[in-house]
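The values are calculated or read from the model by the stated rules, or taken from the named source; none is laboratory data. All of these numbers come straight from a predicted model, not from anything done at the bench. All Cβ positions, even for glycine, are placed from backbone atoms using ideal geometry, and neighbour counts span all protein chains on display. Surface accessibility is based on the protein's heavy atoms, side chains included, excluding ligands, DNA and RNA. Shrake-Rupley method; radii C 1.70, N 1.55, O 1.52, S 1.80 Å.
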Amino acid sequence: MLIPGVIALLLFAYKPMYGLLIAFKDYKFKLGIWGSPWADQNGMAHFIRMFSGGDFIKVLRNTVVISFLKLICGFPAPIILALLLNEMRGKVYKRIVQTLTYLPHFFSWVVLGGILKMVFATVGPINMVLQNLGLNEPIPFFGNNTAFLWLIVGTAVWQGLGWGAIIYMAALSGVDESLYEAAYIDGASRWKQVWHISLPTIMGTVTTVFIMNLGQVLNAGFDQIYNMYNVMVYESSDILDTYSLRLLQDGRYEIGTALGLFKSLVGMAFVLGSNWIVKVLSHDEYGIL
């Protein structure tokens, strides 16, 4: 049963690593990857060009800002939703809420981007409601850098909210009901039951998901941003992935590959560093390694 998964992993995760050599070579299509000459004696010429590029600092800043805003706003949201759903006693209502929150995850950002452009347009329903509530001028969500930044973060949290809660709901389903009954007999309120029983039970899952999310710190959401941004908001939404796409479209494969390798190394450093910190703080109780 493991063979298909192992084959897929080797073909799609490990075999493409051979292409990382492009970052250290002056790639010539006719010569191929191995036949192309090395960039310089140390092979770091393309990394130097990448770091000294005029747009690199801007796109790195935008990527970090968007990623951390998504992490700060989006990481606790599924946990809160899972805890709230766990406290619901009406099964029908609970299933309806679960379905409605899961639903956005199954739409691609191509579809969601088109819908959101209509909903948040200056003449769209959101601005119409705001103007009816007393707002004098419509908010240019797709023309103002600050407004677009928060639109990106808010819609990303909304899209992944229900799907992210699934893993926490699964962890909560394993809690022994007798613990809640004993706490109730001892006079614990619903809030204290959540704080002293539910949260400690899923803490291992929470730390694991947090560590894995930190590994994606330089992935700000290419699909979402590419389908929603425009030249008016490049200053706040041009990220490493869109910058890399332009490099590849311009035929600068070496720098684009170097950028991808840089992202992977930073992600690995964040995972290993955060895992070490978590293991130290929890006295080896939590962690992924």
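Residues are listed down the side, and each one gets a yes or a no for (1) closer than 24 Å to MET203 by Cβ; (2) open to solvent by less than 90 Å² (accessible area, probe 1.4 Å):
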{"position": "ALA121", "(1), (2)": "no, yes"}
{"position": "LEU133", "(1), (2)": "no, no"}
{"position": "GLU137", "(1), (2)": "no, no"}
{"position": "VAL175", "(1), (2)": "yes, yes"}
Checklist entry - Any idea how many residues of the stretch 66-83 are more than 16 Å from LEU161 (Cα to Cα) and either touching an Asp or Glu at 6+ places or on another chain (Cβ under 6 Å) or surrounded by fewer than 16 Cβ atoms within 10 Å (Cβ to Cβ) (or both)? => result 1
Checklist entry - Here are some conditions: (1) part of a helix (DSSP H, G or I); (2) among the β-branched types (Val, Ile, Thr); (3) surrounded by 16 or more Cβ atoms within 10 Å (Cβ to Cβ). ILE115 meets all but one. Which one does it not meet? => result (3)
Next on the checklist: Exactly one of these conditions fails for TYR93: (1) part of a helix (DSSP H, G or I); (2) surrounded by 12 or more Cβ atoms within 10 Å (Cβ to Cβ). Give me its number.
Outcome noted: (2)
Checklist outcome for this item: Residue pairs within 6 Å by beta carbon, gap of at least six or interchain, first lying in the stretch 58-79 and among the hydroxyl-bearing types (Ser, Thr, Tyr), second crowded, with 19+ Cβ neighbours inside 10 Å and part of a helix (DSSP H, G or I), listed first then second, are THR63/LEU240
Checklist entry - When only residues in the stretch 12-39 that are surrounded by 13 or more Cβ atoms within 10 Å (Cβ to Cβ) and out of contact with any strand residue (DSSP E or B) (no Cβ under 8 Å at 6 or more places or on another chain) count, which is nearest to LEU259 (Cα to Cα)? => result ALA23
Next on the checklist: What's the total number of residues in the stretch 171-194 that are within 27 Å of the chain's Cα centre (by Cα) and without any contact (Cβ under 8 Å) to a residue 12 or more places away in the chain?
Outcome noted: 1
Next on the checklist: Residues to consider are ALA147, ALA156, ALA165; find the one that is open to solvent by less than 70 Å² (accessible area, probe 1.4 Å), in a helix (DSSP H, G or I), at pLDDT 90 or above and out of contact with any helix residue (DSSP H, G or I) (no Cβ under 8 Å at 6 or more places or on another chain).
Outcome noted: ALA147
Item to check | Lone unmet requirement of (1) in contact with a Phe, Trp or Tyr (Cβ under 9 Å, 6 or more places away or on another chain); (2) open to solvent by less than 50 Å² (accessible area, probe 1.4 Å) for GLN98 | outcome: (1)
